[in-house]
Amino acid sequence: QVQLVESGGGLVQTGGSLRLSCAASGRTFSSYAVGWFRQAPGKEREFVAAIKWSWGSTYYADSVKGRFTISRDNAKNTVYLQMNSLDPEDTAVYYCAAADGPIRFESSPYAYWGQGTQVTVSS
């Protein structure tokens, strides 16, 4: 049974940093892409960043490029999202998700989802 467990969310001031973790278990993820999505109140879920597990290739939404970094630790089966220069617009519930195959920017191909972690950026 595949499980994705996020952690690391919290409250931070504008300009601060947080690192989110997504611990994966239940299968080998070498053929998978792992993505981070976020959903703010009253808004649709949006793509943030993704990484292809085997190659390490990464993609970012324009809104976070240069501020967020996605990475993975094969030994720990964990994907990280380092978030710097946070802005109140980054406030949302952040979800990690896994999809078998290439990186996709829409959420529907991602079959496995974590429970989400709240990130709140105060002004």
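The values are calculated or read from the model by the stated rules, or taken from the named source; none is laboratory data. The shown structure was predicted, so the numbers you read here are calculated from the model rather than taken from an experiment. Quick reminder, even Gly has a Cβ in these numbers, built from the backbone with ideal geometry, and neighbours come from all protein chains shown. Surface accessibility is based on the protein's heavy atoms, side chains included, excluding ligands, DNA and RNA. Shrake-Rupley method; radii C 1.70, N 1.55, O 1.52, S 1.80 Å.
Measuring with a 1.4 angstrom probe and ignoring ligands and nucleic acids, LYS76 comes out at about 130 Å² accessible. The residues of the chain expose, per residue, 50 Å² of accessible area to a 1.4 Å probe.
Put a dot 7 Å past the Cα of LEU11, heading toward its Cβ, do the same for LYS43, and the two dots end up 2.1 nm apart. Compute the FRET efficiency between SER123 and SER57 as 1/(1 + (r/R0)^6), taking r as their Cβ-Cβ distance and R0 = 41 Å, and round to the nearest 0.05. So, using R0 = 41 Å, E works out to roughly 0.75.
Surface composition of the chain: carbon and sulfur atoms hold 46% of the protein heavy-atom accessible area at a 1.4 Å probe. Rounded to the nearest angstrom and listed largest first, the equivalent-ellipsoid semi-axes of the chain from its Cα gyration tensor are 23, 14, 14. Modelled this way, with points 7 Å down the Cα-to-C-beta line, the labels at PHE105 and ARG67 are 1.8 nm from one another. Charging the Cβ of each Asp and Glu at -1 and of each Lys and Arg at +1, and nothing else, the dipole of the stretch 31-123 about its Cα centre rounds to 220 debye.
Across the options GLY42, LEU81, SER122, the greatest Cα extent toward the positive end of the charge dipole of the stretch 9-123 (unit charges at beta carbon of Lys, Arg, Asp, Glu) belongs to LEU81. Rounded to whole numbers, the Karplus 3J(HN,Hα) couplings from phi for the stretch 90-107 are 7, 5, 4, 8, 9, 10, 9, 8, 10, 9, 7, x, x, 5, 10, 9, 8, 7 Hz, using 6.51 cos²θ - 1.76 cosθ + 1.60 with θ = phi - 60°, and x at Gly and Pro.
Annotation: the antiparallel percentage among DSSP beta bridges lying fully within the chain is about 90. Among 87-97, 12-22, sorting by the average number of other beta carbon atoms lying within 10 angstrom of each residue, highest first, gives 87-97, 12-22.
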